[in-house]
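Single-structure report; data block below.
The values are calculated or read from the model by the stated rules, or taken from the named source; none is laboratory data. Given the structure is predicted, the values throughout are model-derived calculations rather than measurements. All Cβ positions, glycine included, derive from the backbone under ideal geometry; neighbour counts span all protein chains shown.
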Amino acid sequence: MSNDNNTIIPDDIISTINDFKRSKNGSMISIHGKEYATVAHRIAVVRRNLGAKLQILTEIISVDKDTVVMKASGLIGGKVVATGHAEEKRTASRINQTSALENCESSAVGRMLAMLGITNDQIASAEEVTAAIEQQDKKIQNALTELNAVSHAGGYKEWISKNKVFLSDLKNNNPMTYQNFMEKFTSVKSTLQQKGVIQ
């Protein structure tokens, strides 16, 4: 690897890509049978290999009450070597209601790193795929809608019984979506407990 922080030789990026491919065991998230890297893992590998040589700049392209669009650029020696863009809707998830900008920035950085070659053949990050699945999966949305409508302990028990297999499958097939779902479930359960519907 080159020692100069302002220049990079092709071997620097190649060895970073190779390190990423070697280090992906245990660091990947399986979603519907495909392996996806998290943005955090991509950043960790890049920093371990390139340190400050790769400057990551993020820029807000547009922001309004509904949508955030960002661009991430990766520069080495002042020259752009990769870019990535992302868009987040504030209504896409509960987290986006308060953190759409942060999620958008992470997605843009993850896409930029994928364009640099820090990928396992999947440009999208685990976080992006999980968010897309949550939005598209009507079963997840229906389960949450039905849970929100529970008004008595019997209805809660019925909901648990009805969704037991679904939750097990979700946990096995998409652990990140399951984790996000369980955060929502815990919030609804807490509300039901506060209202005295369940104990």
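Number of residues in segment 161-186 that are of a type in the set (Ser, Thr, Tyr) and in contact (Cβ under 8 Å) with a residue 12 or more places away in the chain: the value is 1.
Of the residues making up segment 137-147, those that are modelled with pLDDT of 80 or more and surrounded by 14 or more Cβ atoms within 10 Å (Cβ to Cβ) number 4. Among all positions in segment 124-136, there is no residue which is modelled with pLDDT of 65 or more, of a type outside the set (Gly, Ala, Ser), more than 26 Å from Thr83 (Cα to Cα) and exposed (fewer than 15 other Cβ atoms within 10 Å of the Cβ). Within segment 32-54, residues that are over 12 Å from Ile17 (Cα atoms) sit with their Cβ atoms under 7 Å from residues that are modelled with pLDDT of 85 or more and surrounded by fewer than 22 Cβ atoms within 10 Å (Cβ to Cβ), at 6+ positions apart or across chains, in these pairs: Lys53/Ile76; Leu54/Ile76.
Looking only at residues of segment 158-183 that are surrounded by 17 or more Cβ atoms within 10 Å (Cβ to Cβ) and in a helix (DSSP H, G or I), we find that the one that is modelled with the lowest pLDDT is Met176.
Scanning segment 86-104 for residues that are touching a helix residue (DSSP H, G or I) at 6+ places or on another chain (Cβ under 6 Å) and either at positive phi or in a strand (DSSP E or B) (or both) returns Ala86, Glu88.
Taken as a whole, the condition of being small (Gly, Ala, Ser), modelled with pLDDT of 95 or more and in the same structural domain as Ala114 (by TED's automatic domain parsing) does not apply to Ser23. The listed residues are Gly74, Gly84, and the only one of them that is under 27 Å from Thr16 (Cβ atoms) and in contact (Cβ under 8 Å) with a residue 40 or more places away in the chain turns out to be Gly74. Considered as a group, the residues in segment 37-70 that are farther than 21 Å from Ser93 by Cα and among the charged types (D, E, K, R) include one that is modelled with the highest pLDDT, and that residue is Glu59. Residues in segment 144-154 that are in a helix (DSSP H, G or I) and either free of Cβ contacts under 8 Å to residues at least 12 places away in the same chain or in contact with a Leu (Cβ under 8 Å, 6 or more places away or on another chain) (or both) were compared, and the one that is farthest from Thr186 (Cα to Cα) is Gly154.
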